[in-house]
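Inspection log for the structure reproduced underneath, given as structure tokens.
The values are calculated or read from the model by the stated rules, or taken from the named source; none is laboratory data. In this text, all values refer to a predicted model and were calculated from it rather than measured experimentally. For neighbour counting, all protein chains shown are included, and Cβ atoms are generated from backbone atoms with ideal geometry for every residue, glycine included. The area values use the complete protein model at the heavy-atom level, side chains included, leaving out ligands, DNA and RNA. Shrake-Rupley method; radii C 1.70, N 1.55, O 1.52, S 1.80 Å.
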Number of protein chains: 2
Amino acid sequence: MKFDFHEAIEILERTPGTLETLLSGLSPDWVACNEGEGTWNASEVIDHLIEGEKTNWIPRLEFLLLEGESKPFPPFDRFSHLNDAEEKSIEYKLHEFGIIRKESLAKLRSIFESGLDLEKTGTHPAFGQVKARELISTWVVHDLTHISQIVRVMAERYRADVGPWVEYLGVLKK
Amino acid sequence: MKFDFHEAIEILERTPGTLETLLSGLSPDWVACNEGEGTWNASEVIDHLIEGEKTNWIPRLEFLLLEGESKPFPPFDRFSHLNDAEEKSIEYKLHEFGIIRKESLAKLRSIFESGLDLEKTGTHPAFGQVKARELISTWVVHDLTHISQIVRVMAERYRADVGPWVEYLGVLKK
């Protein structure tokens, strides 16, 4: 096991700033590009991260701590953010993500300081038994997955433009 | 063609800040972890990016503009940074990368303003004919490749820790 609570927090608290530095102020084509029909652009990924703060990570941790294995987590709709018709700028969304992540981390720290049992188990609707520390580890890797996705989507935009160098560029490997 | 000179610069100028926000102040284990023998950790990737500023991007562009297709670019040793025995902190390296990237972009803008012919061709030692705009596009995607690599390497550290969620986390797909 590599998981360490404080090291996990280090990643979670850096994600909003990392994405803000990468994306804020970019030309619209960088923000709007995707990998084809049914795939997400950078702006939609930020929507998904915001949705996760609202309905996934802390709510599931609190549910696990309250219910143990007795009831499965309420399912999390990974596509619900796509139903939000309101169009906000990416800068607005990044700011919102930064605020809501800070709130989540304040709750997480407070749960930890009240004596969080990292081995405590709950029931995932698809996987069955999962541990509190696995949920927090997943939150960390979920951040990294979506940073990686945004970077890959943006690289894809220049697939034809790099000419023969495509061969050397790992992010464009299919 | 999606390439646009000013949009390419937008990515190039954001990379040092993005990596600084992601990596600066992290616990040593996040910075030192890699994907196994012969693979790079985050700190070694920053060394490689610094080396590219010194010997790859602007030097190759200048060479292409000077020599055209008459002589191939001098080869670029993608592993030379691994020979540097001196151990510097990642914060020091990130700062160095930020400074040297600013210098590169000042040169790139100055070349552009002097009337850069983006269609001008040179000879790559392995690929043969390449264009100035392909070189600059590759520089952009090379940044994105290495951001993606760092994020993937860090995610790998928690592969076992995420438990059954490994199935949902794209960055851990082999």
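Observations, loosely collected:
- Taken as a whole, the structure places B:LEU169 among residues that are open to solvent by less than 30 Å² (accessible area, probe 1.4 Å), within 9 Å of chain A (Cβ to nearest Cβ) and over 21 Å from the mean Cα position of the chain (by Cα).
- Qualifying residues in the range A:100-121 (those that are touching an Asp or Glu at 6+ places or on another chain (Cβ under 6 Å) and farther than 17 Å from A:HIS6 by Cβ) - the one surrounded by the fewest Cβ atoms within 10 Å (Cβ to Cβ): A:THR121
- Hits in the range B:125-134 - residues which are aliphatic (A, V, I, L, M) and at the interface with chain A (Cβ under 7 Å from one of its Cβ atoms): B:VAL130
- With respect to the stated conditions, B:ARG133 is crowded, with 20+ Cβ neighbours inside 10 Å and within 29 Å of B:LEU118 (Cα to Cα).
- Of all residues in the range B:145-166 being touching a residue at least 60 places away in the same chain (Cβ under 8 Å) and under 18 Å from B:GLY52 (Cα atoms), the one that is nearest to the other protein chains (Cβ to nearest Cβ): B:ILE147
- Residue list for the range A:64-83, filter: within 23 Å of A:ARG109 (Cβ to Cβ) and either within 12 Å of chain B (Cβ to nearest Cβ) or in contact (Cβ under 8 Å) with a residue 40 or more places away in the chain (or both): A:LEU64, A:LEU65, A:GLU67, A:GLY68, A:PHE73, A:PHE76
- Residue among A:SER110, A:SER137 that alone is of a type in the set (S, T, N, Q) and more than 8 Å from chain B (Cβ to nearest Cβ): A:SER110
- Helices (runs of 4 or more DSSP H) (entirely within the range B:1-63) containing at least 2 residues that are away from chain A (no Cβ under 12 Å) and modelled with pLDDT of 95 or more: B:42-55
- Residue satisfying all of: in the range A:145-166; surrounded by fewer than 20 Cβ atoms within 10 Å (Cβ to Cβ) and hydrophobic (A, V, I, L, M, F, W, C); farthest from A:LEU108 (Cα to Cα) among these: A:ALA160
- Residue check, A:HIS142 within 7 Å of another protein chain (Cβ to nearest Cβ), open to solvent by 10 Å² or more (accessible area, probe 1.4 Å) and either within 23 Å of B:GLU156 (Cα to Cα) or touching a Pro at 6+ places or on another chain (Cβ under 8 Å) (or both): yes
- So B:TYR92, is it open to solvent by 50 Å² or more (accessible area, probe 1.4 Å), within 19 Å of the chain's Cα centre (by Cα) and among the hydroxyl-bearing types (Ser, Thr, Tyr): yes
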